[in-house]
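A.B. asks: Mind looking over this structure? Questions follow.
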Amino acid sequence: MDVYKTLKFGNEAQTMFYFALGIFGVQIMQHAFNCATMSTAGASPKAAGVACLANAAMWFLFAFIDGIRIPLGTLPPFMPKESIMANMVIQCAIGAVNVAGWIGAGKPVALPALPVGSLATPMIAMMANLAFFAIGCAAFTRPFLDMFVPGVMAKFGADTCAAIELIFFNAGVMMLGNTATTMMISNAEPGTPDTNYRLLRANLYAMFFYMGKFSTEAVVNSCTGWPQPMRVSSFVSCFAVLFFAATKFGEYPITVAKTADAKTTKKTK
């Protein structure tokens with residue numbers, strides 16, 4: 001936080017900035033879950049290669065949309081150019097590592113497409129629910145914030161609002177990126193049960209953390225008195241989708257393979 005000089009924010013503005021970072025953080029966590037599930041033993045090599053391709057595209061995109069603010073002069077004053085440039089170096093390095101992984105996997109390519117086959121429906125439901133927040137944050141940042149916390153952003157100065165809106169915008173881009181990544185990986189070998197199972201599991205893990213964000217919203221509301229007219233409807237839609245997806249995930253018939261040690265132990269007994 002010190003890197004972005006947020007100590008210049010007022011108390012309420014800093015609370016909003018922290019909240020924005022929390023939303024963004026959950027989306028980065030979902031990205032990490034997608035990467036982790038495709039890096040474990042047994043994952044489809046082709047799907048893992050496509051995951052590398054999608055990751056590279058997303059991180060290069062972030063390097064571009066953050067970096068372009070410097071020559072355009074649209075970078076909020078609270079965020080020094082040096083920090084953004086350092087972020088760009090990290091983002092490009094991550095992108096390059098993923099390009100290397102993609103090449104090593106044989107350069108598989110898959111375009112974003114709706115999942116098909118086993119567990120496709122709960123995945124589509126989760127992506128559709130996330131799309132509302134993704135499009136709102138990325139395409140209609142300020143109106144979307146005013147819809148969720150009406151009148152709050154008007155309390156802050158223009159520079160402060162610009163910094164807060166930048167984080168929410170990036171969170172929306174990450175949501176869109178996570179959705180596109182999920183669709184690309186699933187479409188690497190359409191209808192593959194193992195890949196769909198892995199992706200749904202990763203999305204469920206992230207959604208569990210996201211549901212925890214509602215408790216922070218309640219605390220913020222209690223402490224600040226900010227109006228939050230969309231909190232109940234958002235909770236209901238997210239919980240309903242999570243319950244449906246988790247139920248389908250739990251109902252899916254799987255067989256856990258026994259390890260060599262487990263088989264040896266059974267024979268000994």
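A.B. asks: Sequence gap of 8 or more, or different chains, plus Cα separation below 13 Å: how many lysine pairs satisfy both in segment 2-268?
C.D. replies: Lysine pair count for segment 2-268: 4.
A.B. asks: Only Lys, Arg, Asp and Glu count, each charged at its Cβ (+1, +1, -1, -1), so figure out the dipole size of segment 124-255 about its Cα centre, rounded to 20 debye.
C.D. replies: That gives a dipole near 160 debye.
A.B. asks: Using the charge dipole of the chain (Lys, Arg: +1 at Cβ; Asp, Glu: -1 at Cβ; taken about the Cα centre), state which of Val50, Met184, Gly117 has its Cα farthest towards the positive end.
C.D. replies: Gly117
A.B. asks: If I take every Cα pair under 8 Å that is 6 or more residues apart in segment 2-268, average their sequence separation and divide by the length, what percent do I get for the relative contact order?
C.D. replies: With pairs under 8 Å counted, the relative contact order is 29 percent.
A short reminder: the numbers here are calculations on the coordinates, not readings from a lab. What you see is a predicted model, and the numbers here were worked out from it, not measured in a lab. Cβ coordinates were reconstructed from backbone atoms using ideal geometry, including for glycine residues, and neighbour counts include every protein chain displayed.
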